[in-house]
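Engineer: First, the structure itself, so that you have it in front of you.
The values are calculated or read from the model by the stated rules, or taken from the named source; none is laboratory data. Keep in mind that what you see is a predicted model, and the values were worked out from it rather than measured. In this analysis, Cβ positions are derived from the backbone assuming ideal geometry, glycine residues included, and neighbour counts consider all displayed protein chains. The area values use the complete protein model at the heavy-atom level, side chains included, leaving out ligands, DNA and RNA. Shrake-Rupley method; radii C 1.70, N 1.55, O 1.52, S 1.80 Å.
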Amino acid sequence: MIDHHCIKTRHTDKQGNPVMKPPIDQTRSAVITAAVLSLFSASASAQVHPEKPTYKYEKCYGVARAGMNDCFFGSNSCAGTLAKDNDPRSWIYVPQGTCKKITGGTLEPPK
């Protein structure tokens, strides 16, 4: 038997029995909190920055294979997410003095 004096809201289930529902403010707050947490976790996992090499290095533009870039730029927010090979805006770390030896490699970003 349900004590109808304890129920503060007048919602019913499919059978017509009174049920308690959380106040709208609590529900709204829980939804907003969940959405914000999911955004933070998604952005944290998306922002992958490579470790800088311990050796003398240079950034070599235009030679990264798809999914193998070390950089992040306007349409590519993190390392390892390059969609196509040899994008001139992307770069990888290479040992100093190596980039100019790679076909298509340049030390300068495109303008």
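Engineer: Amide H neighbours of A64 under 5 Å, counting only residues 5+ apart in sequence or on other chains, H built in-plane at 1.01 Å?
Structural biologist: N86, D87
Engineer: Shape call for segment 50-111 from the C-alpha gyration tensor, a ≥ b ≥ c root eigenvalues: rounded (a/c under 1.5), prolate (a/b greater than b/c) or oblate?
Structural biologist: oblate
Engineer: Please work out how much accessible surface T106 shows to a 1.4 Å probe, ignoring ligands, DNA and RNA, in Å² rounded to 10.
Structural biologist: Using a 1.4 Å probe on the heavy atoms, I get roughly 60 Å².
Engineer: How far apart, in nm, are the 7 Å Cα→Cβ label points at V19 and K101?
Structural biologist: Distance between the two pseudo-spin positions: 7.0 nm.
Engineer: Sorted by accessible area (1.4 Å probe), largest first, how do I92, I102 line up?
Structural biologist: Most to least solvent-accessible, the answer reads I102, I92.
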